[in-house]
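Worksheet: one structure, shown below.
Each value in this text was obtained by applying a stated rule to the coordinates, not by laboratory testing. As the structure is a computational prediction, the values presented were derived from the model and not from experiment. Counting neighbours? That spans all protein chains shown, and the Cβs are built from the backbone with ideal geometry, glycine included.
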Amino acid sequence: MKAVIFSIAAIILLTGCQSAVQDAYFGMWEKLGVEKRDILVDRVEDAQDSQKDAQEQFSSALEEFSALINFKGGELEEVYNNLNDQFLASQTSAASVTDRINKVESVAQSLFREWETELTQISNVNLRRDSQRKLTETQRKYDSLLRSMRKVESSMPPVLTALQDNVLYLKHNLNANAIGALQGELGEIKGDVSSLIKEMNAAIKQSDEFIKTIRG
């Protein structure tokens, strides 16, 4: 029982420390004249860019896989190497998307904590109420954006898994029969990539709308 209580306390302490470190970091930038709002906008734009890059990369991987299925002859090992390179590049793109989303979340959390604290410092009831309304609306739009971005993030691993399965299968069976066995996979991967790109487009559009809200 004591061990459980200690573990819970450690988690709370760690979370608190992380929040304090985040706030101190962004506070340092504010002292240099860079507001949290500006950092948030920059990071949302970075997240957009990473998703656009991922769109291109996953599309490129799909093209390479399609080329494999339509293989008519030549050096099959070279085709495997190209597909493997596309898979590895897709992994890197997916990791970048996750990293950018995490960075968006960290500055947003710090911004909203600061906003909540500063509300208590506004003595004018009408001004405080209006600021609270603005905070609530901004948080609502942010939560929607974050869900959209996290949905994109969760849609990438299945595509990566399918690509990896096919890359490894091809590696173990560098012959024409392997290509025949993989032909049935093309339609499913194509559908997954298409859905992923659609979700990315939705998240990118939401990002534009959120940025307009922040810049107000």
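Length gained on full extension, SER144 to LEU127: 3.5 nm, using 0.36 nm per residue less the C-alpha separation.
Against the chain, whose longest principal axis comes from its Cα atoms, helix 185-215 is set at around 20 degrees. Dipole of the stretch 35-215 computed with +1 at Lys/Arg Cβ and -1 at Asp/Glu Cβ about the Cα centre; of ILE39, LEU146, TRP115, farthest Cα towards the positive end is TRP115.
Centre-to-centre, using Cα atoms only, the stretch 115-147 and the stretch 166-191 are separated by 52 Å.
Where a ≥ b ≥ c are the square roots of the eigenvalues of the C-alpha gyration tensor, would you call the stretch 15-62 rounded, which needs a/c under 1.5, or, failing that, prolate if a/b is larger than b/c, or oblate?
Oblate.
Straight-distance candidates among the lysines for linking to LYS72, with alpha-carbon spacing under 28 Å and chain neighbours fewer than 8 residues away dropped: LYS171, LYS190.
The HN-Hα couplings worked out from phi for the stretch 88-98 by the Karplus form 6.51 cos²θ - 1.76 cosθ + 1.60 (θ = phi - 60°) are 5, 5, 5, 4, 5, 4, 5, 5, 5, 4, 4 Hz, whole numbers, x standing for Gly and Pro.
Over the chain, dividing the summed -39,500 (n - 2.57) contributions of all DSSP H runs of at least 4 residues by the number of residues returns a 222 nm mean residue ellipticity of -32500 deg cm²/dmol.
Rounded to the nearest 10 degrees, the angle from helix 36-69 to the longest Cα principal axis of the chain is 10 degrees. Taking a straight Cα-Cα cut-off under 19 Å and skipping sequence neighbours fewer than 8 places away in the same chain, the lysines within cross-link reach of LYS141 are LYS36, LYS103, LYS151, LYS205, LYS212. Highest mobility in the GNM of the chain, judged by mean-square fluctuation with C-alpha springs under 10 Å and restricted to ILE122, ILE101, ILE179, is found for ILE122. Dipole of the stretch 31-143 computed with +1 at Lys/Arg Cβ and -1 at Asp/Glu Cβ about the Cα centre; of LEU62, SER50, SER106, farthest Cα towards the positive end is SER106.
Using Cβ point charges alone (K and R +1, D and E -1), the dipole size of the chain about the Cα centre works out to roughly 1100 debye.
Relative to the longest principal axis of the chain, what angle (0 to 90°, nearest 10) does the C-alpha long axis of helix 2-31 take? That works out to roughly 80 degrees.
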